[in-house]
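Data block below; observations after.
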């Protein structure tokens, strides 16, 4: 079976030319990675391309196996909701590699080839998020942080944030399923709290970090159902009453603090709009998206990658 047998969007590949791909529920509907990677290929003088691949959870193992044997595939990115499933597949499949960081996080967002030419995976989300956050807040060690969401990207961000805090328990992570998150939370040393968070959890918080899809224009759940979350804040229940409370809850955090939403489309989510109205500094996910892509591109190209050239090409593309 071929790659096209496992994806739901049209695929356009250039003969025998090497290619990269982003795998997710619906990256063909606006994922930014192809724009960034294709600009980096151009900057390196390579006529290669990244293509989106829309794949269901059921078809994901077949697609990964097909990519493994396709010598043109150099690597790429993993998008929602497949990061944890790809980590599990790599861990369970002979001759595949997964980095210690990705294994600890339990999620992969970057694919590349190992020394034997087989698929390998790592996670660049957390490193990209930390670089973006530190650009605005260089000193984080004493910060009290509330993170919302503990999926693939959430675990990656939590792992890197916990690593720079004086005490990992200064990071509280709001999750839907406390029982299901307990093992990962214990492994990282972070505190867990129920989602939606109680307003008191925000008292004196120095930073709020949203690692959920709540606030995105349109997403698809695991069943392929489209959900418009652009009018929602992740700080409260998604019904009308909860959303009325969301801005009030945000007002309990440190007014000199920072709100970081890893969503980059739209660039101003409801969460960020609420923070701006309260005079709280904000960061969206564009910088994180850039930095994790630069790092992932380096894995895919290996020794051929010039990181400064990669960043310059990608940054120009995202600003155009």
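The values are calculated or read from the model by the stated rules, or taken from the named source; none is laboratory data. Remember, predicted model here, so these are calculated numbers, not experimental data. Counting neighbours? That spans all protein chains shown, and the Cβs are built from the backbone with ideal geometry, glycine included.
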Can you report the number of residues in the stretch 201-231 which are farther than 21 Å from residue 260 by Cβ and modelled with pLDDT of 95 or more? 0
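Residues are listed down the side, and each one gets a yes or a no for (1) surrounded by 22 or more Cβ atoms within 10 Å (Cβ to Cβ); (2) without any contact (Cβ under 8 Å) to a residue 12 or more places away in the chain; (3) assigned by TED's automatic domain parsing to the domain that holds residue 218:
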{"position": "260", "(1), (2), (3)": "yes, no, yes"}
{"position": "273", "(1), (2), (3)": "no, yes, yes"}
{"position": "293", "(1), (2), (3)": "yes, no, no"}
{"position": "296", "(1), (2), (3)": "yes, no, no"}
{"position": "306", "(1), (2), (3)": "no, no, no"}
{"position": "310", "(1), (2), (3)": "yes, no, no"}
{"position": "315", "(1), (2), (3)": "no, no, no"}
Hey, any hits in the stretch 71-80 for a residue that's assigned to a helix (DSSP H, G or I) and closer than 15 Å to residue 114 by Cβ? no
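Rundown of residues vs (1) farther than 17 Å from residue 295 by Cα; (2) assigned by TED's automatic domain parsing to the domain that holds residue 80; (3) modelled with pLDDT under 95, yes/no style:
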| position | (1), (2), (3) |
| --- | --- |
| 94 | yes, yes, yes |
| 99 | no, yes, yes |
| 102 | no, yes, yes |
| 118 | yes, yes, no |
Here's a check for you: in the stretch 32-46, which residue that is within 18 Å of the chain's Cα centre (by Cα) and part of a helix (DSSP H, G or I) is nearest to residue 84 (Cα to Cα)? 33
With the checklist (1) within 19 Å of residue 249 (Cα to Cα); (2) in a helix (DSSP H, G or I); (3) touching a residue at least 60 places away in the same chain (Cβ under 8 Å) in hand, flag the one item residue 208 doesn't pass. (2)
Among (1) buried (at least 23 other Cβ atoms within 10 Å of the Cβ); (2) at pLDDT 95 or above, where does residue 125 come up short? (2)
Step by step: first the residues of the stretch 159-175, then only those that are part of a helix (DSSP H, G or I) and touching a strand residue (DSSP E or B) at 6+ places or on another chain (Cβ under 6 Å), then the one that is surrounded by the most Cβ atoms within 10 Å (Cβ to Cβ). Which residue is that? 161
Exactly one of 110, 143, 169 is free of Cβ contacts under 8 Å to residues at least 24 places away in the same chain and either within 13 Å of the chain's Cα centre (by Cα) or farther than 30 Å from residue 64 by Cα (or both), and that residue is 169
Determine if the stretch 14-21 includes at least one residue that is surrounded by 20 or more Cβ atoms within 10 Å (Cβ to Cβ), assigned to a helix (DSSP H, G or I) and in contact with a helix residue (DSSP H, G or I) (Cβ under 8 Å, 6 or more places away or on another chain). no
Can we say residue 133 is surrounded by 15 or more Cβ atoms within 10 Å (Cβ to Cβ), more than 19 Å from residue 271 (Cα to Cα) and in contact (Cβ under 8 Å) with a residue 12 or more places away in the chain? no
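In this structure, is residue 75 within 22 Å of the chain's Cα centre (by Cα) and within 22 Å of residue 12 (Cβ to Cβ)? Break it down stepwise before answering.
Details: within 22 Å of the chain's Cα centre (by Cα): yes; within 22 Å of residue 12 (Cβ to Cβ): yes.
Yes.
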Within the stretch 47-61, is even one residue outside any loop (DSSP other than H, G, I, E, B), closer than 24 Å to residue 98 by Cβ and in contact (Cβ under 8 Å) with a residue 60 or more places away in the chain? no
Looking only at residues in the stretch 91-100 that are under 19 Å from residue 298 (Cβ atoms) and surrounded by 17 or more Cβ atoms within 10 Å (Cβ to Cβ), which one is farthest from the chain's Cα centre (by Cα)? 97
Of the listed residues (275, 236, 296), the one being touching a helix residue (DSSP H, G or I) at 6+ places or on another chain (Cβ under 7 Å) and farther than 20 Å from residue 194 by Cα is 275
